[in-house]
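Inspection log for the structure reproduced underneath, given as structure tokens.
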Amino acid sequence: MAYIMHHRDKVPNDFSEKIDLTAHQKAADYTVAKTKLANLSAIIGSTILVLLTLGGLLNIIADASNSYIDSTLWAGVALMMFVFIASHLIELPIDIYQTFKIEQQFGFNRSSVSQFVKDQFLQLSLMLVIGIPILYALLWVMGEMGDYWWLYAWLLTISFTFLMTWLVPTFIAPLFNKFTPLEDEQLASRITQLFERCGFNSKGIYVMDGSRRSGHGNAYFTGIGNNKRIVFYDTLIESLNTDEIEAVLAHELGHFKCKHITKQMIVSTVTTLMGFALLGWLKQQHWFFDGFGVSQINNAVALLLFILVLPIFTTFLQPISSYFQRKFEFEADTFASTMAKPEYLIQALVKLYRENASTLTPDPLYSSFHHSHPPAGIRINHLKKLAASTP
């Protein structure tokens, strides 16, 4: 925050002709406001974690679930769902403040109170409908599949993940947003030609009514196999011209052609296997429970405790992940420059930086640790070099 505020009063030279000082200062103030709220959220989350573990709250909830529910399996499911839902509700005021104070203040919020309530109801409903069966299945595997339960739990989790990746675009996403086929024939024709040049097959090109909730623009791929589809926010369609949209899409296709999605899925699959193997070992170690002040020792408590504390002990992996994600972004930009003019991607990015109030001056150290995308100046300079080398 100090770094951003120090550079608040001067637009970086690379952007001085495209972004005025008012927009630059808005981006700085918006980023600082979000960071302050994120810090508060981290404090609340850490407090909840300490209360659940060293504070003994997890023991109390586990005792209560076992007292009221005869089935050990269902008592475990109740314990985990209660903690997840309670944590969500405790942090709900943060989401409300983010939406109706910060996003409203900077001109991005377009969600009504009724829409926000509806979204929360849908999220909690999905948490119950999807969470209860998968938790029941995992706890059953942990209790019934012997010493190698962690291998079966991994297979179950991976299968569920692939199933959800296939189901989300068709059944779950439409619960929250309206998706309509792209009606702009000229743009659709350009995109189809781009697909053909890249050898990419898609289920369709859709426009999502993102403007129902926010003024931010975006585009993304979703689905796997024959269920892949391209989704543009309607706000993005309104902001960019045809050349710029094609360049942005070429960048996204670069992730596909460079096999970034496949690589990420492989890494996720391997790390999930390692995680379950680690849990299989930790579940047998009393110090794992004693060290966090947990007196209850059963499958549900072990799984819940592992989910709660794992992010703390894997924080050191974040800069490694960020490094490879930024590397993927550069590679996707390089590919995009072979499918569309780099100048168009530069124009699109500058517009998105300005309209989404993305800071142009993030602290380099903070960015290298946390951010999945390169800082704006570095990314634009990389694209300018590509443009200079492109015939």
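No lab work stands behind these numbers, since they all come straight from the coordinates. Given the structure is predicted, the values throughout are model-derived calculations rather than measurements. Here Cβ is always computed from backbone atoms with ideal geometry, including for glycine, and neighbour counts include all displayed protein chains.
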Dimensions (Å) - the stretch 113-256, Cα atoms, principal axes, largest first: 58, 42, 19
Hydrodynamic radius of the stretch 178-246 per Kirkwood, over alpha carbon pairs, in Å: 12.4
Ratio Rg/Rh, restricted to the stretch 30-168 and using Cα atoms, in which Rh is the Kirkwood radius: 1.04
Derived scalar couplings ³J(HN,Hα) [the stretch 27-39; Karplus, 6.51 cos²θ - 1.76 cosθ + 1.60; whole Hz; x for Gly, Pro]: 4, 5, 5, 5, 5, 5, 4, 5, 5, 4, 5, 5, 5
Helical contribution to [θ] at 222 nm, DSSP H n ≥ 4, -39,500 (n - 2.57), averaged over the chain, rounded to 500: -22000 deg cm²/dmol
Gain upon complete extension [F292, S67; 0.36 nm per residue less C-alpha separation]: 78.8 nm
Globularity ratio of the stretch 289-377, using Cα Rg and 2.2 N^0.38 Å: 1.66
Enclosed volume per residue, in Å³, of the convex hull spanned by Cα atoms of the stretch 238-391: 145
Two-decimal Rg to Rh for the stretch 228-326 - Kirkwood Rh, Cα set: 1.20
Percent of Cα-Cα distances greater than 19 Å, calculated over the stretch 1-99: 61
Loop-located trypsin sites (Lys or Arg not before Pro) in the stretch 1-109 whose Cβ has at most 13 other Cβ within 10 Å (DSSP): K10
Alpha-carbon spread of the chain, three principal axes, descending order, Å: 69, 47, 40
Crossing angle, helix 342-355 versus the chain [Cα axis fit, 0-90 degrees, rounded to tens]: 60
For the chain, the longest site-free run once GluC sites (Glu not before Pro) in DSSP loop states with at most 12 other Cβ atoms within 10 Å are removed: 184-391
